[in-house]
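A.B. asks: So that we are looking at the same thing, I have put the structure below in structure tokens.
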Amino acid sequence: MLPTLTGVGRLTADPELRFTQAGKAVANLAFAFNSRRLNQQTQQWEDGDVFYIRGTAWERLAENATETLAKGMEVMVTGDIRTESWEKDGQKHERPALIIRSIAPNLAFAVAQVSKDASSQQNGQGGGQRTTTGRPQQGQGQAQRSSPTSPPKDDPWAVDKANGYSDEPPF
């Protein structure tokens with residue numbers, strides 16, 4: 001079993017998308033994980049050790065990551081660590097590599113608008129067509145929803161000050 005890495009790091013380059021001869025999407029992503037700490041004496045942030053690793057995402061994850069992420073973004077990533085080996089000029093080389101299982105922007109430093117991709121909307125979920133940007137087109141693959149005129153009486157998040165509901169969370 002390969003060890004799993006789950007962490008918060010920064011992309012050191014834009015994701016690179018390519019396709020195998022069989023037509024499968026594959027994206028290469030480069031990460032830097034560091035141990036930044038606040039020096040209590042100087043009250044300045046100091047960078048500690050840095051761990052660099054390259055990651056590979058496949059198929060829909062590869063396409064979505066390439067479309068969504070960019071160099072410098074802080075991301076949360078989970079994947080399996082393996083050893084990548086190659087030979088160049090008669091020398092054998094090895095380095096750690098990450099097989100990415102999930103990745104997302106860190107919402108502590110970014111705002112994201114989440115929508116299902118066209119592939120996810122198929123199988124009875126709508127099947128919207130992807131545009132050249134990869135996002136579903138308005139009105140396609142989206143179920144029409146009617147909004148109720150008043151919230152259910154037991155909805156703790158509802159705002160109805162006349163009946164005792166408020167903007168405050170119910171806890």
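Read the figures in this text as sums done on the coordinates, not as results from a lab. Note that the coordinates shown come from a computational prediction; the quantities given were computed from them, not determined experimentally. Heads up, the Cβs are rebuilt from the backbone with ideal geometry, glycines too, and the neighbour counts pull from every protein chain shown.
A.B. asks: Please give the peptides 107-115, 93-101 ranked by average Cβ packing (other Cβ atoms within 10 Å per residue), highest first, as a rough proxy for protection.
C.D. replies: Output ranking for 107-115, 93-101: 93-101, 107-115.
A.B. asks: For segment 4-121, what is Rg from Cα atoms divided by 2.2 N^0.38 Å, rounded to two decimals?
C.D. replies: Numbers: Rg = 16.5 Å, N = 118, 2.2 N^0.38 = 13.5 Å.
Output field value: 1.22.
A.B. asks: Follow-up question, since we're still on this one. So how much slack lies between residue 108 and residue 24, counting 0.36 nm per residue of separation and subtracting their Cα-Cα distance, in nm?
C.D. replies: That works out to 27.0 nm of additional length.
A.B. asks: If you don't mind, another one. Please give the FRET efficiency for residue 47 paired with residue 82, using the beta carbon to beta carbon distance and R0 = 25 Å, rounded to the nearest 0.05.
C.D. replies: Values: r = 27 Å, r/R0 = 1.08.
E between residue 47 and residue 82, to the nearest 0.05, is 0.40.
A.B. asks: Taking 0.36 nm per residue of sequence separation and subtracting the Cα-Cα distance, how much length would be gained by fully extending the chain between residue 115 and residue 95, in nm to one decimal?
C.D. replies: 3.7 nm is the gain from fully extending residue 115 to residue 95.
A.B. asks: While we're here: Which whole-Hz ³J(HN,Hα) couplings does segment 30-40 yield from phi under the Karplus relation 6.51 cos²θ - 1.76 cosθ + 1.60, θ = phi - 60°, glycine and proline marked x?
C.D. replies: Karplus-based 3J(HN,Hα) across segment 30-40 equals 10, 10, 10, 10, 9, 10, 7, 9, 8, 6, 5 Hz.
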